[in-house]
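Where a number appears in this text, it was derived from the coordinates with a stated rule and is not lab data. Keep in mind the model is a prediction, meaning the values are calculated, not measured. All Cβ positions, glycine included, derive from the backbone under ideal geometry; neighbour counts span all protein chains shown.
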């Protein structure tokens, strides 16, 4: 049996520091939503908190994986399986570092970013880090008590926390860079539905209810070419009843319902941050049924990260399902 050596105190402390960074990243990102929802921070505060959380999370991921490689591994019982776990762990960690470098290069070099998919690289790096954590835990279990098990587990838990904390801010950043920087989406960009019950302005930092104009319409057509009106084979009265039922099913707050005018206005509130988006649905009688136009606009921010387009897609898809 090999001689057991107590873990290095410095490395154990570093492992605990990695765990602390991962926990800090999770708390910074996790608490941002309630802090904004209840008015403790504004949009700039969200960006600051996300920046702090992402930095701590990335430090935990890189530092934890590097430390896990540096911690000495002692095979209590040298078997083919234990040796395979050791080398698999090292291989996975090195692959994660490689993919992460590719991701950072794609973000830093525009010409390289144009030829790569940053989102797929991010997903691959995240999955690799999770796999490294799983294999690392198996490796830690094989370590005899009194060796590197505590430091290795602390470092790996810190990595897992870092992955969880970093994924949302980074994926949002990629979406902000790749999607149109607009926050007002309509199925009719030539004659968009006009808000009546939800007028502008909404404070100094809010967006008005007036449609922004041709530039936004062009950006929407380029970024979301699938956003189009829907025609239901139903009378305007039946279509309005169906529209209202679907809107209430999504949990939207109905602000105005005017069946005679073919207009329904509502407010959708996001679950975590409490962002409020204004929605108007317009119904127009046409040959063969009723045309449905919907417009969804965020009250704050420049880019909606695709949220309004996703809401419209889901709403129109639900309308096409049987009542």
* Gap in Å between the Cα centre of region 217-245 and the Cα centre of region 250-321? -> 9
* Could you put 103, 275 in order, starting from the residue whose Cβ has the fewest other Cβ atoms within 10 Å? -> 275, 103
* GNM result for the chain, Cα springs below 10 Å: residue of 299, 37, 248 fluctuating most strongly -> 248
* Structure fact -> The Cα extents of the chain along the principal axes, largest first and rounded to whole Å, are 86, 40, 40
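Taking N as the number of residues in region 9-178, what is its alpha-carbon radius of gyration divided by 2.2 N^0.38 Å? If you can, show how the numbers build up before the last one.
Details: Rg = 17.5 Å, N = 170, 2.2 N^0.38 = 15.5 Å.
Here the answer is 1.13, to two decimals.
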* Would you look at the GNM of the chain, springs on alpha carbons closer than 10 Å, and say which of 288, 158, 45 moves the most? => 288
* **Helix 9-30 vs. the chain, principal-axis angle (Cα, 0 to 90°, nearest 10)** => 10
* Structure fact -> The relative contact order of the chain, taking Cα pairs under 8 Å that sit 6 or more residues apart, comes to a percentage of 20
* To do: Compute the acute angle (0 to 90°) between the alpha-carbon long axis of helix 149-178 and the principal axis of greatest extent of the alpha-carbon atoms of the chain; round to the nearest 10°.
  => 30
* Asked: What FRET efficiency, computed as 1/(1 + (r/R0)^6) with R0 = 51 Å and r the Cβ-Cβ distance, is obtained for residue 222 and residue 40, rounded to the nearest 0.05?
  -> 0.85
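Any idea what the alpha-carbon Rg over 2.2 N^0.38 Å comes to for region 184-319?
Dividing the Cα radius of gyration by 2.2 N^0.38 Å gives 0.99.
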* List the relative contact order of region 83-186 as a percent without decimals, with contacts defined as Cα pairs under 8 Å and 6+ residues apart. => 27
* **Additional length obtainable on full extension of the chain from residue 276 to residue 138, 0.36 nm per residue less Cα span** => 45.2 nm
* Full-extension gain in nm, residue 190 to residue 48, via 0.36 nm per residue minus C-alpha separation -> 47.4 nm
* To do: Can you put 13, 107, 313, 295 in order of Cβ neighbours within 10 angstrom, beginning with the fewest?
  => 13, 313, 107, 295
* Two-site FRET efficiency, residue 175 against residue 260, from Cβ-Cβ distance with R₀ of 35 Å, rounded to 0.05 -> 0.30
* For each of 298, 111, count neighbouring Cβ atoms within 10 Å of the residue's Cβ, then give the residues from fewest to most. => 111, 298
* Structure fact -> Check: C-alpha center region 29-54 vs C-alpha center region 87-116, spacing in Å is 28
* **Helical mean residue ellipticity (222 nm; -39500 (n - 2.57) per DSSP H run of 4+; nearest 500) of the chain** => -19000 deg cm²/dmol
* Between 54, 83, 187, find the one with the highest GNM mean-square fluctuation for the chain; connect C-alpha pairs within less than 10 Å. => 83
* Asked: In degrees, nearest 10, range 0 to 90: what is the angle between the Cα axis of helix 214-223 and the longest Cα principal axis of the chain?
  -> 50
* Structure fact -> Quick calc: nm separation of the 7 Å Cα→Cβ label points for residue 269 and residue 83 -> 6.2
* At 0.36 nm per residue, minus the direct Cα-Cα distance, what do residue 303 and residue 286 gain on full extension? Give it in nm, one decimal, please. => 2.8 nm
